[in-house]
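Report on one structure; see the data block that follows.
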Amino acid sequence: MNVIFITGTDTDVGKTLTTAALAAALSATGSSVAMYKPTQSGVAADGHGDTDEVMRLGGIDAACDGIRLDEAMAPRAAAARAGQALPDLAHHVDRIAELAASHDHVLVEGAGGLLVELDNQRHTLVDLAGAAMRTANTQFVVVCRSGLGTLNHTGLTLEVLRYRGFSDAALVIGSWPAVPSEVESSNRAYLEDLMGTRFLGALPAGAAALQPAAFRALAPGWLKIPAPARGDG
């Protein structure tokens, strides 16, 4: 089983859109894909959340949350405002394992950045990945910005991942403008050549506004997803 953790260098960098694009691109290789969101805060007034958006754009039908919270705040603060208890790490590990038992890939989208706390024991997404890696092949995709400041933020995130034993993270630029600035072009060249990481690609600005069928058709061209190995039989 393969569990892919999607984190960002900050909030609102394009994690959900990247998760949807990964779902579409992996599905296009013939793989079955599920998605899990340990903590969803900031649910829209109509109840629409990140898992719903991944299902809508990515075309998958297996996606769920550990908990949904109304306030657009860090999970611990949002849960406190709502008077709800956050699920513990073991709950998330079990839910991921359940999805992985019937799918080739499970995409796990974090909340905010890498070290945002997911429960009252101060566990983060990297802690969850460490627990999951005992029974699954785990890896990280880091979603970053294109503009000024992204090199530092991306480097800090990758440094933490390497320190915690995840040295092969992949990078995605969450929103790439139609007319990039000189700074953005320079940043992309740097990120594409960053030693120890794989640059999967960049999502075009405005991709979320595409019709789902168009999004799914274009996603494999945005992200460099290797085709799965096929047996002779």
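The values are calculated or read from the model by the stated rules, or taken from the named source; none is laboratory data. Just so it is clear, the model here is predicted, and its values are computed rather than measured. Cβ placement follows ideal geometry from the backbone for every residue including glycine, while neighbour counts extend to all protein chains displayed. These accessible areas exclude ligands, DNA and RNA; they are computed on the full protein's heavy atoms, side chains included. Shrake-Rupley method; radii C 1.70, N 1.55, O 1.52, S 1.80 Å.
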The correct ranking of Met195, Met73, Met133 by accessible area at 1.4 Å, largest first, is Met195, Met133, Met73
Taking 42-55, 165-178 and ranking on average Cβ neighbours within 10 Å, highest first, one gets 165-178, 42-55
Under the Karplus relation with 6.51, -1.76 and 1.60 and θ = phi - 60°, whole-Hz ³J(HN,Hα) for the stretch 104-118, x at Gly and Pro, equal 5, 9, 10, 9, 10, 9, x, 10, x, x, 4, 9, 5, 7, 9
Ranked by GNM mean-square fluctuation in the chain (Cα springs under 10 Å), the top entry among Arg122, Arg134, Arg216 is Arg134
Sorted largest first, the C-alpha extents of the chain along its principal axes in whole angstrom are 50, 47, 39
In whole angstrom, the spacing between the Cα centers of the stretch 106-163 and the stretch 175-217 equals 19
If each K or R counts +1 and each D or E counts -1, the residues other than Ala78 whose Cβ falls under 13 Å of its Cβ total -2
Diffing the stretch 145-153: the Karplus 3J(HN,Hα) column from phi (6.51, -1.76, 1.60, θ = phi - 60°), in whole Hz with x for Gly and Pro, holds 8, 9, x, 4, x, 5, 5, 5, 4
Any residue on another chain or 5+ positions along whose placed amide H is under 5 Å from the amide H of Phe199 is listed here as Leu171
Under a 1.4 Å probe, counting only protein heavy atoms, Asp127 has an accessible area in Å², nearest 10, of 40
accessible surface per residue for the chain, probe 1.4 Å, DNA/RNA/ligands not counted, whole Å² -> 46
Long-range amide H partners of Ser41, meaning residues 5 or more apart or on another chain whose placed amide H is closer than 5 Å, are Leu69
Given backbone amide H placed at 1.01 Å from N, residues whose amide H is under 5 Å from that of Thr138, ignoring those fewer than 5 places away on the same chain, are Val3
